[in-house]
Each structure stands twice: as C-alpha cells, then as structure tokens.
Amino acid sequence: MIPSRLVRPTATALLLLAWAFPLYWMVTASLTPESQLFETPHIVPRALVFNHYQALFAERRFWMPIRNSLVVAAATTTLAVLVGAPCAYAMARLHFRGKTWLLAAVLAVSMLPQISIVSPLFLVLRVVGLIDTYPGLVVPYVTFALPLVVWLMTGFFRGLPSEIEDAARIDGAGRVRAAIEITLPLAAPAVATTAILTFLYAWNEFLFALSFTVSPERQTVPVAIALFRGQYQIPWGEILAGAVVASVPVIVVVVALQRRIVSGLTSGAVKG
Amino acid sequence: MTSGSSTALERRETRLAWRLMVPALGLLALVAAAPLVATGWESLHRHDVRLPWLGRPFVGFANYRQAFHDDRFVTALEHTVVFTAVSVTLELSFGLAFALALDALARGRAVARVVLLLPWALPTVVAALVWRFLFEGQSGIVNATLVWSGLAPREWLAGSFSAWVPIVFGDVWKSTPFVALLLLAGLQGIDASLYEAARLDGAGSWLRFVEITLPLLRPALVVALAFRALDAFRVFDLVYVLTGGGPGAATEVVSLYAFTTLLQDLQFGYASALAMLVFLMSFMLALFCIPRLRVSVAPDR
C-alpha cells in the first residue's frame with residue numbers, strides 16, 4: 001500500500017509518464033530496424049539504427065519539404081508580425097469606438113473553419129497561377145497567423161505599464177515616437193514569443209498545404225510525412241523518422257520557451 | 001469615452017488607430033472575409049469542374065436541400081457531433097485532473113510543463129501518425145499489451161467503431177494539455193486564504209473542492225470548453241491522416257467530407273454548400289460561446 005501522502009505525486013507521475021510515452025515510442029521506433037518494428041515490442045530497445053533517417057534524406061529528399069516549410073513559415077511570420085503588431089498596439093493602447101467589436105471580429109476569423117474558405121482560395125490561386133508556389137501558401141496562412149499575432153500582442157501591450165509612455169509624451173515626444181522608442185523595445189520579448197508561436201502554427205499547418213500544393217517538390221513537412229507511401233507496405237520507420245524531424249523545431253522551442261509559451265497561451269485566453 | 005463631444009485630441013487618436021489597423025483589417029478582409037462570401041455565392045451554383053460543359057448555373061438553395069437529404073453528410077455530421085462531445089468531455093476531465101495535480105506539485109514543474117506542452121505544440125499530423133502506429137497491426141504496442149495481459153488483439157483501424165478509439169485517444173492526448181494549462185492558470189488565481197478559512201470552518205477537501213475550486217474555476221472551464229468545442233468540431237488533420245475517414249466512411253467527419261467533395265470529386269458548388277454548413281454551425285457554436293467569453297474580449301481590465 002502506498003502511504004496516502006504519496007498518492008497524489010504518484011498519480012501525477014503516472015499521468016505524465018502516460019502522456020510522454022507516445023513520443024518516447026515514436027523516437028524509439030524511428031531508430032528500430034524495419035524488420036523488428038512489428039515483432040514483439042520491447043520497452044527498452046534492443047538495437048538502435050539510423051538507416052531510416054539516412055533513407056529519409058538520401059532517398060526521399062526530405063530536405064525539400066523542410067526547406068519549403070522553413071520558407072513558408074518564416075515569410076508568414078514576418079508578414080503577420082509586421083502587419084499585426086501595429087494593429088494590436090492600436091487595439092490595446094488607443095481609445096476609439098468599436099474596439100471590442102473589432103477585436104471580436106479578429107478573434108472570429110481565427111475561429112473560421114479552414115475548409116469554409118478553401119474552394120474560393122483554390123480557384124483564385126489557380127487563376128493567378130499561385131497553386132504550388134510559396135506565395136500560394138503564405139497568403140492563405142495569413143488567415144490564421146494574423147489573428148494569432150493580433151490576439152497575443154494585444155494581450156502583451158495591455159500588460160505594459162502605460163505610465164512610461166505617458167512620461168515620454170509629457171517630455172514632448174509624439175504618440176508614434178513614444179510608441180517606437182519606448183514601447184517597442186519593451187515589447188521585444190513579446191514580439192519574439194509571438195513570432196515563434198506564429199512560426200510553429202505555420203510549420204504545423206496541414207489542410208491549406210495539402211489543398212494548395214500539387215507536386216512533391218512543393219510539399220511542406222506535414223504533408224510530406226502524411227503522404228509517404230512504400231512500394232509494398234507502409235514505411236513506418238521512415239514515416240516516424242520524418243515525424244521526429246518535424247518535431248525537432250517544436251521540441252527546441254518548447255524546452256527553451258516553456259514559461260513564455262504558457263503565459264502567452266493563458267494571458268490571451270483567461271486574463272485578457 | 002466619458003464626454004459626448006469628441007475633442008480634436010480624441011479625433012486624432014481615432015485617426016491614428018485606424019491608420020495602424022487598416023493594413024491588418026484590410027488583409028483579413030481580403031484573405032478571409034471575401035473568400036467566405038465567395039464560398040457562400042459558389043454554394044448557390046451547380047459547379048462541377050469535371051463537367052465544364054454544364055457551365056455554372058445558379059440553382060438557389062438546391063445544394064443545401066441536397067445536403068440535408070445526403071445520408072453521407074448527415075452521418076458525417078453525427079460523427080462530428082459525437083466526436084466533439086466525447087473528446088471535449090474527456091479533455092475537460094483529464095485537464096482538470098492534471099491541473100489539480102500540477103497545482104499541488106512541489107518539484108518538477110518544468111518537466112511537467114514540457115511533457116504537457118509537447119503534444120499540444122507538435123503538428124497534428126505527427127500526433128495522428130504516432131497514434132496510428134500505436135494501434136497498427138497485430139503486434140503494435142496496443143495489441144501487444146492486450147496479448148500480454150491475456151486479452152485478444154484486434155484490428156483497430158478495420159472496425160467501424162474501434163477505428164474511433166485511436167482518433168479520440170489522439171485528440172485527448174494532444175488537447176488535454178491546453179485545457180490543463182488554462183485551468184492551472186485559473187487555479188493559481190484563486191486566493192489561498194479562502195481555502196484556509198474553509199479549513200478553519202472544518203470543511204473537508206471534497207467540500208473545499210466543490211464549494212471553492214469549482215465555482216471560482218468556472219470562467220476558465222467555460223473558456224476551455226468553448227475553445228475546445230469549436231476546435232473539435234472543425235477536426236480534419238487528425239482524421240485525414242489516422243483513418244482517412246475509413247473503414248468505408250465510418251469515421252468521416254464534416255470537414256473531411258467537404259474536402260473530399262471539393263478536391264477529389266471536384267464538385268465545387270456542392271462542396272461549397274457543405275463548407276458553408278460547417279461554417280454556419282461553427283458560427284452558431286461561437287455565438288453561443290462568445291458571450292461567455294466576455295471575460296477575455298472585454299477591453300478594460
């Protein structure tokens with residue numbers, strides 16, 4: 001019998017282990033020889049090999065989807081932050097009528113089901129020849145990246161003390177100058193967190209990337225690993241190796257920024 | 001906005017605000033609002049890209065009438081509603097358990113945070129592939145565990161009911177952390193002296209939970225419920241990658257059916273009507289939720 005004061009820590013540890021297990025299993029399986037993948041599984045692997053990763057880059061040219069994902073996510077993030085941050089500043093700091101409604105409208109866009117705008121976007125992108133191109137993904141990605149930036153940055157700007165900016169304005173600086181010289185440097189960490197979260201959303205996106213790319217040369221990482229096919233059977237080793245590679249940037253960001261992500265996640269939603 | 005007459009200063013501030021917002025609002029109008037209107041307009045036409053000689057005649061609400069008599073659509077809708085209800089219920093329950101556990105955690109919070117954030121932050125495609133792999137084949141880890149404990153293995157992805165199990169597990173695994181972290185923030189906002197006072201009054205831990213924790217956690221619970229329900233109703237990636245809607249159409253959800261009708265069958269008119277129905281139902285769900293989200297939308301702190 002476990003002593004009662006240890007019940008809660010033990011239950012917590014078990015829950016966390018259960019949540020971590022699928023990822024452990026993904027990494028382990030990606031390092032297991034194909035022939036042993038569906039034999040009796042061992043929790044501690046017997047042999048570790050890297051040939052799935054080799055096949056991934058040598059035979060499947062996996063650097064292509066990685067490059068595509070990096071370019072599309074970086075361009076989406078840059079565009080969304082440049083356009084979204086000023087908008088968030090206005091919504092957090094300036095007084096004007098209809099602010100609540102505008103913020104709610106932006107939030108509503110982020111709740112829009114992606115599928116409900118796929119058909120016109122597809123038709124328009126086809127007419128202007130942007131199917132299978134980077135801009136053909138970046139433009140649709142704005143629909144979720146921009147609301148995310150506005151939402152997160154509005155929360156951050158509200159959290160900054162307005163007294164500092166007011167002091168600068170009393171000293172004779174204009175509203176815009178005060179914002180650029182005082183508020184912007186203070187908001188730099190928030191801009192960085194927002195940019196990183198936006199990048200991850202774009203890196204992870206699937207439905208638009210699946211709809212608006214045709215050739216394997218233009219696929220992003222999630223589409224590529226979802227559509228891996230083998231000649232005779234599902235190439236699980238390579239699929240899971242691809243899944244691990246797709247996870248690497250996310251894991252790096254989560255480990256490095258865990259506190260900021262949690263506060264960003266909860267400040268937008270709970271405190272406001 | 002205390003005075004009725006707007007001063008020059010106020011007008012200037014309003015002008016500046018609009019100047020800062022116009023690029024973002026204009027872009028959103030262009031890439032989100034306009035396409036939505038276009039989908040609505042397209043849904044009133046018969047437009048089959050495979051049969052271009054039929055043209056694109058205006059048919060009014062015929063596509064919508066067709067949808068309501070389309071067994072495949074009605075079934076997909078039922079699937080989506082049940083999936084949403086079941087996953088969100090499980091996510092709120094597990095999320096609350098996690099939040100309570102983490103709140104009491106003295107050490108290892110950083111580790112716990114990483115373990116929770118990872119499933120939530122990873123691409124949904126990765127979650128889908130991992131859960132499919134766990135349930136795959138005769139000797140995947142799930143079946144191996146069943147055999148090891150003396151139970152019969154099964155082809156999970158081949159059964160029209162059992163194929164839902166990895167989907168729900170995958171969604172619960174991925175989304176419970178979001179709920180847990182929201183609720184944890186809510187829990188940490190509760191004044192500890194309330195518990196102390198209740199303890200002095202002789203309230204046991206269950207009573208303290210029911211009388212203090214749950215009522216004060218209500219706003220956070222409602223926010224989590226709203227976000228999760230809206231998200232689960234739009235589910236696409238997870239099902240597309242895990243089962244492709246199969247076996248047959250046993251796990252097909254509305255977003256997936258609309259997608260297939262659009263980009264595989266190329267029936268743009270009918271698919272647009274299906275997509276509009278997904279939008280309208282999400283919209284009604286959002287209208288139901290947003291007044292309860294006022295805490296987060298209201299501008300004043």
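Observations
- Contacts under 7 angstrom Cβ, first residue in region B:214-233 being more than 10 Å from chain A (Cβ to nearest Cβ), partner of a type in the set (Ser, Thr, Tyr) and in a helix (DSSP H, G or I), 6 or more apart: B:Arg228/B:Ser175; B:Ala229/B:Thr84; B:Ala232/B:Thr84; B:Ala232/B:Ser87
- Any chance B:Leu30 is in a helix (DSSP H, G or I) and surrounded by 17 or more Cβ atoms within 10 Å (Cβ to Cβ): no
- Failed criterion for A:Trp19 (all others in (1) in a helix (DSSP H, G or I); (2) more than 10 Å from chain B (Cβ to nearest Cβ); (3) of a type outside the set (Asp, Glu) hold): (2)
- B:Val168, sole failed condition from (1) hydrophobic (A, V, I, L, M, F, W, C); (2) closer than 27 Å to B:Phe135 by Cβ; (3) within 12 Å of another protein chain (Cβ to nearest Cβ); (4) surrounded by fewer than 20 Cβ atoms within 10 Å (Cβ to Cβ): (3)
- Restricting attention to region A:33-65, the residues being part of a loop (DSSP other than H, G, I, E, B) and either over 22 Å from A:Ala226 (Cα atoms) or more than 28 Å from the chain's Cα centre (by Cα) (or both) number 14.
Here is a yes/no grid of residues against (1) more than 8 Å from chain A (Cβ to nearest Cβ); (2) not small (Gly, Ala, Ser):
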position: B:Leu117; (1), (2): no, yes
position: B:Glu136; (1), (2): no, yes
position: B:Ile141; (1), (2): no, yes
position: B:Val172; (1), (2): yes, yes
position: B:Ser175; (1), (2): yes, no
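- When B:Phe283, B:Phe268, B:Phe209, B:Phe236 are checked against the criterion of being among the aromatic types (Phe, Trp, Tyr), surrounded by fewer than 20 Cβ atoms within 10 Å (Cβ to Cβ) and either in contact (Cβ under 8 Å) with a residue 24 or more places away in the chain or under 26 Å from B:Leu116 (Cα atoms) (or both), B:Phe209 stands alone in meeting it.
- Residue satisfying all of: in region A:114-135; surrounded by fewer than 24 Cβ atoms within 10 Å (Cβ to Cβ) and within 20 Å of the chain's Cα centre (by Cα); farthest from the other protein chains (Cβ to nearest Cβ) among these: A:Tyr134
- Out of B:Val111, B:Val88, B:Val142, B:Val82, one residue alone is over 30 Å from A:Arg8 (Cβ atoms) and assigned to a helix (DSSP H, G or I). It is B:Val82.
- Filter result (crowded, with 18+ Cβ neighbours inside 10 Å, assigned to a helix (DSSP H, G or I) and away from chain A (no Cβ under 13 Å)) within region B:33-55: none
- Qualifying position, being within 8 Å of chain A (Cβ to nearest Cβ), within 29 Å of the chain's Cα centre (by Cα) and either modelled with pLDDT under 90 or not in a loop (DSSP other than H, G, I, E, B) (or both), among B:Leu157, B:Leu105: B:Leu105
- Unique residue being of a type in the set (Lys, Arg) and surrounded by fewer than 19 Cβ atoms within 10 Å (Cβ to Cβ) when the list is A:Arg93, A:Arg46: A:Arg46
- Qualifying residue in region B:59-73 (condition: over 28 Å from B:Leu225 (Cα atoms), outside any helix (DSSP H, G or I), of a type in the set (Val, Ile, Thr) and more than 7 Å from every other protein chain (Cβ to nearest Cβ)): yes
- Flag if A:Arg8 is surrounded by fewer than 18 Cβ atoms within 10 Å (Cβ to Cβ), within 14 Å of another protein chain (Cβ to nearest Cβ) and of a type in the set (D, E, K, R): yes
- Pairing residues of region A:86-98 that are within 19 Å of A:Ala187 (Cβ to Cβ) and small (Gly, Ala, Ser) with residues that are surrounded by fewer than 19 Cβ atoms within 10 Å (Cβ to Cβ) and at pLDDT below 90, at Cβ distances under 7 Å and at least 6 apart in sequence or on separate chains, gives A:Ala92/A:Arg158.
Let's see how each residue does on (1) crowded, with 16+ Cβ neighbours inside 10 Å; (2) within 11 Å of chain B (Cβ to nearest Cβ):
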residue: A:Thr154; (1), (2): yes, yes
residue: A:Pro161; (1), (2): no, no
residue: A:Ile164; (1), (2): no, no
residue: A:Asp171; (1), (2): no, no
residue: A:Ala178; (1), (2): yes, no
residue: A:Pro185; (1), (2): no, no
residue: A:Ala188; (1), (2): no, no
residue: A:Thr198; (1), (2): yes, no
residue: A:Ala202; (1), (2): yes, yes
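- Region B:77-92, subset within 13 Å of chain A (Cβ to nearest Cβ) and in contact with a Ser or Thr (Cβ under 9 Å, 6 or more places away or on another chain), residue nearest to B:Thr251 (Cα to Cα): B:Thr80
- Being part of a helix (DSSP H, G or I) and touching a residue at least 60 places away in the same chain (Cβ under 8 Å) is true of A:Leu197.
- Filter result (small (Gly, Ala, Ser) and more than 8 Å from chain A (Cβ to nearest Cβ)) within region B:143-154: B:Ser149, B:Gly150, B:Ala152
For every residue, the table says whether it meets (1) at pLDDT 95 or above; (2) polar (S, T, N, Q).
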residue	(1), (2)
B:Val253	yes, no
B:Leu256	yes, no
B:Leu263	no, no
B:Gln267	no, yes
B:Leu277	yes, no
B:Ser282	no, yes
B:Ala286	no, no
B:Ser296	no, yes
B:Arg301	no, no
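- All helices (runs of 4 or more DSSP H) inside region B:161-258 with 3 or more residues being touching a helix residue (DSSP H, G or I) at 6+ places or on another chain (Cβ under 6 Å) and among the hydrophobic types (A, V, I, L, M, F, W, C): B:164-188, B:214-233, B:237-242
- Selection status of A:Ala224, small (Gly, Ala, Ser), crowded, with 20+ Cβ neighbours inside 10 Å, modelled with pLDDT of 85 or more and part of a helix (DSSP H, G or I): yes
- Every residue from region A:200-216 that is of a type outside the set (S, T, N, Q) and either outside any loop (DSSP other than H, G, I, E, B) or touching a residue at least 40 places away in the same chain (Cβ under 8 Å) (or both): A:Leu200, A:Tyr201, A:Ala202, A:Trp203, A:Glu205, A:Leu207, A:Phe208, A:Ala209, A:Leu210, A:Phe212, A:Val214, A:Pro216
The values are calculated or read from the model by the stated rules, or taken from the named source; none is laboratory data. For clarity, every value in this text was computed on a predicted model and none was experimentally measured. Cβ coordinates were reconstructed from backbone atoms using ideal geometry, including for glycine residues, and neighbour counts include every protein chain displayed.
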